[in-house]
1. Any residue at all in segment 107-116 that is outside any helix (DSSP H, G or I) and in contact with a Lys or Arg (Cβ under 9 Å, 6 or more places away or on another chain)?
2. Of everything in segment 54-95, what is aliphatic (A, V, I, L, M) and either open to solvent by less than 10 Å² (accessible area, probe 1.4 Å) or part of a loop (DSSP other than H, G, I, E, B) (or both)? Give them in sequence order.
3. Can you tell me which of (1) open to solvent by less than 80 Å² (accessible area, probe 1.4 Å); (2) touching a residue at least 60 places away in the same chain (Cβ under 8 Å) is the one E109 doesn't meet?
Amino acid sequence: MNEDAAEGEGAGGGGGSARIWVGAIPALDPDSTEVILGLDLESADPAERMICLLLNRGHEGEEGVFYLLPDDLSARYERNGERLAVTVLSHHAVLEADLDDADLDATDELRTHLAGLARDPLDADRLILLRGEIVTDFVPMVRDDSAQPLLVTTTAADALRQFRPDEGETDIAVLSATLTPPPPPPPTPPPTPDRHG
């Protein structure tokens, strides 16, 4: 990967084990630069475990590449100076349904965490699962109001260089994304009239 990784930050403000990279996955497109979110399947962070649970909703396209419906899991990019922020979101009803169906010893803990997740200020039906930032000058491309997808993997960054979907070495989930435009600069105050003279 050609950028330093950045630690993810959970919606509750605690540090997660998620990491963000900007780089290319040669097996997919060696000339394309992507934003990649790495997750830990064994993470103790409840929000990260919820995301891993939702990855099971992926629909396989190319071998080893799974696509998530926007209502199930989506992402939002936001640039702020030299930083690119990534927010991962899901609908509350989707999370509830997955927790009802999950055969997990820690479902009660996840359900308690679910009740405390912040609502997305741009869509009250969505919950913020994870937010992380990386220092980079990369700006995701936008076409027809959609930004280039966020790629999610549970594989270490170095292993993505050797990604061979036909050998079943790793999986990549593709999340639809949007890019929130930066707020407009504050208006310039009118000049103070010169009262001298």
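1. From segment 107-116, those outside any helix (DSSP H, G or I) are 116; that's our starting set.
Among the residues that remain, those that are also in contact with a Lys or Arg (Cβ under 9 Å, 6 or more places away or on another chain) are: none.
No, the conditions are met nowhere in segment 107-116.
2. L54, V65, L68, L69, L73, A75, L84, A85, V86, V88, L89, L95
3. Only one criterion in (1) open to solvent by less than 80 Å² (accessible area, probe 1.4 Å); (2) touching a residue at least 60 places away in the same chain (Cβ under 8 Å) is unmet by E109, namely (1).
The values are calculated or read from the model by the stated rules, or taken from the named source; none is laboratory data. Please read all numbers here as calculations on a predicted model, not as lab measurements. With ideal geometry, Cβ positions are generated from the backbone for all residues, glycine too; neighbour counts draw on all protein chains shown. Surface accessibility is based on the protein's heavy atoms, side chains included, excluding ligands, DNA and RNA. Shrake-Rupley method; radii C 1.70, N 1.55, O 1.52, S 1.80 Å.
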